[in-house]
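Accompanying notes for the structure given below.
The values are calculated or read from the model by the stated rules, or taken from the named source; none is laboratory data. Keep in mind the model is a prediction, meaning the values are calculated, not measured. Quick reminder, even Gly has a Cβ in these numbers, built from the backbone with ideal geometry, and neighbours come from all protein chains shown. For the accessible areas, the whole protein counts, side chains as well, though only heavy atoms, and no ligand, DNA or RNA atoms are used. Shrake-Rupley method; radii C 1.70, N 1.55, O 1.52, S 1.80 Å.
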Amino acid sequence: MKAVVIHEHGDPEVLKEEEYPTPQLGPEDVLVKVKACGVNQADLMIRRGDVRMYPKLPHILGSEISGVVHSVGSAVTQWKGGERVIVYPGFGCGHCEFCVKGHLYSCNTYKYFGTQMQGTYSEFVKAPWYNMVPLPEEVSFVEGAAIPMVMLTSWHMVVDQANVRPGEIVLVHAAGSGIGSASIQIAKLCGATVIATAGSDDKEELARSLGASHFINYRKTDFREEVGKITNKRGVDVVIEHTGEFTWDKSVRSLVKHGRLVVCGATSGHNGYTDIRYVYYKHLNIIGSTLGTIENLKHALQYVAAGRIRTVVDRVYPISEVRKAHEIMEARQNKGKQVLQMWD
Ligand SMILES: [Zn+2]
């Protein structure tokens with residue numbers, strides 16, 4: 001099959017299209033012909049080599065796809081071939097204390113496409129039958145490919161971890177990112193008032209179109225002060241954090257007493273400063289989050305299919321322009337997801 005492979009870490013030039021062995025199916029596996037593939041921050045970090053869990057090289061990046069079932073293993077009865085699907089990207093052992101509670105993402109052997117295992121910048125991808133999620137006709141392959149990582153992660157953060165309630169005020173960082181654009185909509189769906197931030201004014205229109213009531217350019221103004229003005233010095237109930245070092249301290253200090261900060265990433269750096277006095281004096285909850293369950297993904301997809309929330313696809317590239325997609329994301333020029341269209 002064709003695939004985009006890296007043999008070394010570095011700039012986007014290390015992404016090279018070449019022939020790669022097609023995955024061999026086990027009895028419970030399904031082989032998916034990939035139609036479209038989303039690009040994530042993790043792809044860029046692994047390509048550069050700045051993630052601790054270095055995969056073995058050569059390596060295929062990519063975590064989220066839409067496609068069509070191509071063939072199935074001998075024990076698979078649930079899928080036949082030809083069905084439109086998206087694929088839940090994570091894999092646990094299935095029997096440890098975390099997996100049996102449904103917390104697959106906390107399994108000691110948890111891995112997902114493109115990290116400790118080969119990814120999805122390829123013509124075919126295999127996964128067990130139970131990782132397949134039917135893609136409704138009303139959702140295109142391009143939209144579908146923008147769902148698995150972003151909607152899964154955002155749904156888990158906003159609904160499960162932050163437990164956002166109607167009437168609350170939620171601060172969502174980086175409105176132009178995949179996580180930001182999804183989290184604004186999901187928080188709004190939960191009945192919250194959303195304050196969105198971004199690093200440039202041209203993202204305001206997008207943020208407001210997704211349901212944000214307020215917009216702050218965190219590069220131009222002190223977002224904590226702005227939050228104070230908007231909330232009459234009260235602070236927000238919830239912060240959705242994924243930018244990390246650059247925003248962390250002010251995010252913590254933007255919370256109302258008993259507020260919750262949920263964090264799923266740290267794209268600007270991992271060493272956020274925390275004044276511990278704020279945490280205990282204000283009874284703050286700092287909550288970690290990564291990915292989510294297959295149920296989170298199915299819930300989010302239902303709302304996308306019903307038109308209640310939408311994937312924000314910024315640009316679509318043929319797979320031959322994968323380097324360009326990485327460059328745009330690295331320069332933070334994207335307003336939503338970058339999606340690759342795969343070989344026919
Ligand atoms: Zn497990």
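Observations
- Here the accessible area is traced with a 1.4 Å probe on the protein chains. For the range 38-84, carbon and sulfur cover 55 percent of it.
- Beta bridges by DSSP in the range 57-203, antiparallel share as percent, to the nearest 5: 60 percent
- Full extension of the chain between Y280 and D201 gives 24.9 nm of extra length, using 0.36 nm per residue less the Cα-Cα distance.
- Sorting D344, D160, D11 on solvent-accessible area from highest to lowest, probe radius 1.4 Å, gives D344, D11, D160.
- Full extension of the chain between E321 and Q333 yields a length gain of 2.7 nm, computed as 0.36 nm times the residue separation minus the alpha carbon distance.
- In this structure K35 has an accessible area near 80 Å², from a 1.4 Å probe over the protein heavy atoms.
- The stretch between K229 and E13 holds 73.2 nm of extra length on full extension. This uses 0.36 nm per residue minus the Cα-Cα distance.
- For the chain, the Stokes-Einstein estimate of translational diffusion at 20 °C and a viscosity of 1.002 mPa s comes to 105 µm²/s, using the Kirkwood hydrodynamic radius over alpha-carbon pairs.
- Proximal charge balance of T243 [Cβ under 11 Å; K/R count +1, D/E count -1]: 0
- Accessible surface, the range 152-288, averaged per residue in Å² (probe 1.4 Å): 42 Å²
- Highest mean first, the peptides 100-113, 54-67 sorted by other C-beta atoms within 10 Å per residue fall in the order 54-67, 100-113.
- Peptides 274-283, 84-93, 302-311 ranked from most to least packed, by the mean per-residue count of other Cβ atoms within 10 Å: 84-93, 302-311, 274-283.
- With R₀ set to 56 Å, the beta-carbon distance separating Q24 from K257 gives a calculated FRET efficiency near 0.50.
- Cα centroid separation - the range 101-136 against the range 222-292, whole Å: 30 Å
- For the range 286-344, the equivalent ellipsoid built from the Cα gyration tensor has semi-axes of 25, 17, 12 Å, listed from largest to smallest.
- Pairs exceeding 18 Å between alpha-carbon atoms, taken from K203/K335; K126/K337; K220/K337; K2/K126: K126/K337; K220/K337.
- For the residue pairs K56/K80; K101/K282; K111/K298, alpha carbon separations beyond 24 Å are given by K56/K80; K101/K282.
- Per-residue ³J(HN,Hα) for the range 275-282, Karplus 6.51 cos²θ - 1.76 cosθ + 1.60, θ = phi - 60°, Hz, x for Gly and Pro: 7, 4, 4, 4, 5, 7, 5, 9
- Carbon and sulfur %, accessible surface of the range 152-288 computed with the full protein complex present, 1.4 Å: 48 percent
- Backbone N under 15 Å from the K298 label point (7 Å along Cα→Cβ), restricted to the range 57-80: 78-79
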